[in-house]
Amino acid sequence: MTRIARPHRFILALALLLAGPSLPVPGVAGDGPDWERILFLASEDSHPHQSVFEQLRDIPQQQLVYAALDQPDAGAWLSTWDCDRCLVITSGTRSLNRALPALSKARILSITLPRQAFDLAIHTHGDTERLAAIFMDIPMERRLAITRERIPSINRIAVIEGPAPRLPVEAGSGLESRGPAGIQRFISYQENDLIGTFAHASEQADAILTVPDRRVYNPRTIVSIVMTTYRHRTPLIAHSESLLRAGALISIHATPEQLGKEAAMLLKQLESGQSQWSAQRRHTERHEVAINPYVARSLRIQVAP
């Protein structure tokens, strides 16, 4: 496995030519895909993406290279890795948006992004059977079950999101507006009505379940959201660790390490022939529940361990 900050196309091409005999095309020969080379393309050279990449270190006999969009020559990496026996692992939203229009042959595994961002990317750039994905957001049905298990006193739950297109919510859509066991949805159409929407939702619900909708939850709005819900003593059930640090009561999320391990597991299954390459798209099966003890004490809410 190699981590190179500043690739040079000529040196890279020479190294690949000297790497050894050609390998069978994935899905055509052998028990599983035998990649000629794999590129890990991070949206930025940051600790979360590096943590995801580090979990791929145990993949045997792979020619794995790390690159990031904020490093020089990112475009050169993509053009060099656009081959039938190439795999590009995009980590984050920006890297997927960069890779989709640039690659016409390589297979793409998209990780470390929520389902909504993935859907927007393929809506913008087009879909392809060469694209698979593991979404980082936990399905809403699962988050609801965990919330009620950890905090039995919570019955009424609100979700606040931006206007259509609506977030894909698998089984959660069936729970919509079904009394104390359901979800009450609120739409915030623009930022200047956001605080009023959260105040109204806080009066109607025991807790607010956050969703990965950056039109609602972003660095410009999060402080006001936390202050508004705190004044109403309505806890936030977050979908990310950053929201937990900002003032949510608990967070149900997958860590970068967990996302990396899940991607590594998928690649090992493909290599061993346990699974065949396909445009499979699914949510992560891994998560952790983190508690903000200061918020729990302040709101006097008991959270089961």
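A short reminder: the numbers here are calculations on the coordinates, not readings from a lab. Because the structure is a prediction, the values reported are computed rather than measured. Ideal geometry is used to build each Cβ from the backbone, glycine not excepted, and the neighbour counts take in all protein chains shown.
Table for the structure above
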| quantity | calculated |
| --- | --- |
| Per-peptide average of other Cβ atoms within 10 Å, ordering 83-93, 290-300 highest first | 83-93, 290-300 |
| Taking the C-alpha atoms of segment 213-305, convex hull volume expressed per residue in Å³ | 119 Å³ |
| Projected area, mean over directions - segment 210-260, Cα convex hull, nm² | 3.6 nm² |
| For residue 149, net neighbour charge (Lys/Arg +1, Asp/Glu -1) across residues whose Cβ lies under 12 Å away | +4 |
| Radius, Kirkwood style, for segment 37-136 when every pair of distinct Cα atoms is counted (Å) | 13.4 Å |
| Listed peptides 102-109, 155-162 by packing density, highest first (mean Cβ within 10 Å) | 155-162, 102-109 |
| Built amide H within the under 5 Å cut-off of residue 255, gap 5+ | 288 |
